[in-house]
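Report on the structure given below.
The values are calculated or read from the model by the stated rules, or taken from the named source; none is laboratory data. The structure presented is a predicted model; accordingly, all values stated were derived computationally and were not measured. Reconstructed Cβ throughout: ideal geometry from the backbone, glycine too, with neighbour counts over all protein chains shown.
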Amino acid sequence: MLLTVMLHTGTPAMTTRGCLEDDFEVIADFLIRATQIASNLMKEHGKMQKEFLRGLQNNKDIIELRNQVENFASQFAMPGFDV
């Protein structure tokens, strides 16, 4: 279901940037991992925004995921931006 939602909301933008079918599977994996990390943080730190945000700070899983997403996204041109 998550893959279906992601595909319907982001397909035009991502295909414009050159994403292929396999790339969408990678993106779906990033989204699944992000929700798993968020779920674990809520279990550890609580559901209140203040505590949740505190749990995000310097979280090794979030840092690792952010680095992987940035590395993946850098492969694709952003229309209208000179990078």
> Which ones in the range 18-42 are surrounded by 15 or more Cβ atoms within 10 Å (Cβ to Cβ) and either more than 28 Å from Leu53 (Cβ to Cβ) or at pLDDT below 80 (or both)?
Replying inline: Cys19, Asp23, Phe24
> Tell me, which residue of the range 43-83 that is surrounded by 10 or more Cβ atoms within 10 Å (Cβ to Cβ) and among the aromatic types (Phe, Trp, Tyr) is nearest to the chain's Cα centre (by Cα)?
Replying inline: Phe72
> Quick one: what pairs do we get from the range 62-78, first residue over 15 Å from Asp29 (Cβ atoms), second in a helix (DSSP H, G or I) and among the hydrophobic types (A, V, I, L, M, F, W, C), C-beta under 8 Å, 6+ apart or different chains?
Replying inline: Ile62/Ile37; Ile62/Leu56; Phe76/Met14
